[in-house]
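Heads up: the structure comes next, in structure tokens.
Read-outs throughout are calculated quantities, based only on the coordinates presented, and are distinct from any laboratory measurement. Bear in mind the structure is a predicted one, so any value in this text is a computation, not a measurement. Counting neighbours? That spans all protein chains shown, and the Cβs are built from the backbone with ideal geometry, glycine included.
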Amino acid sequence: MEFLRAIKSVMSAMIGVQKKKNLEEDFSKTTAMPFIIAGIIMTIVFILAVYAVVNLALNA
């Protein structure tokens, strides 16, 4: 459950809609490790998505 909350928080922060209240709540109750792991995973997913869209555009 904690990791899913971290994923949600990281996704919100990546698109710029993370509220300061949620940010403070996330880091006051848990350690930073789930957020670091979620951030790395979401960054990799983002890079792979951009790579796939570029390949689709170049092949079209």
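Relative to the longest principal axis of the Cα atoms of the chain, the long axis of helix 33-59 makes an angle of roughly 20 degrees. Ranking Asn22, Phe35, Leu48 by Cα position along the charge dipole of the chain, where only Lys, Arg, Asp and Glu carry charges on their C-beta atoms, puts Asn22 farthest toward the positive end. This model, with +1 at the C-beta of Lys and Arg and -1 at the C-beta of Asp and Glu, gives the chain a dipole about its Cα centre of some 140 debye. Computed from Cα positions, the angle between helix 20-29 and the longest principal axis of the chain comes to roughly 60 degrees. Taking one equal scatterer on every alpha-carbon of the chain, how large is log10 of I(q)/I(0) by Debye at q = 0.24, 0.25, 0.28, 0.29 1/Å? Cα-only, vacuum Debye calculation for the chain: -0.93, -0.99, -1.14, -1.19. For the chain, find the longest principal axis of its Cα atoms and tell me its angle to the long axis of helix 2-15, 0 to 90°, nearest 10. With both axes taken from Cα atoms, the answer is about 60 degrees.
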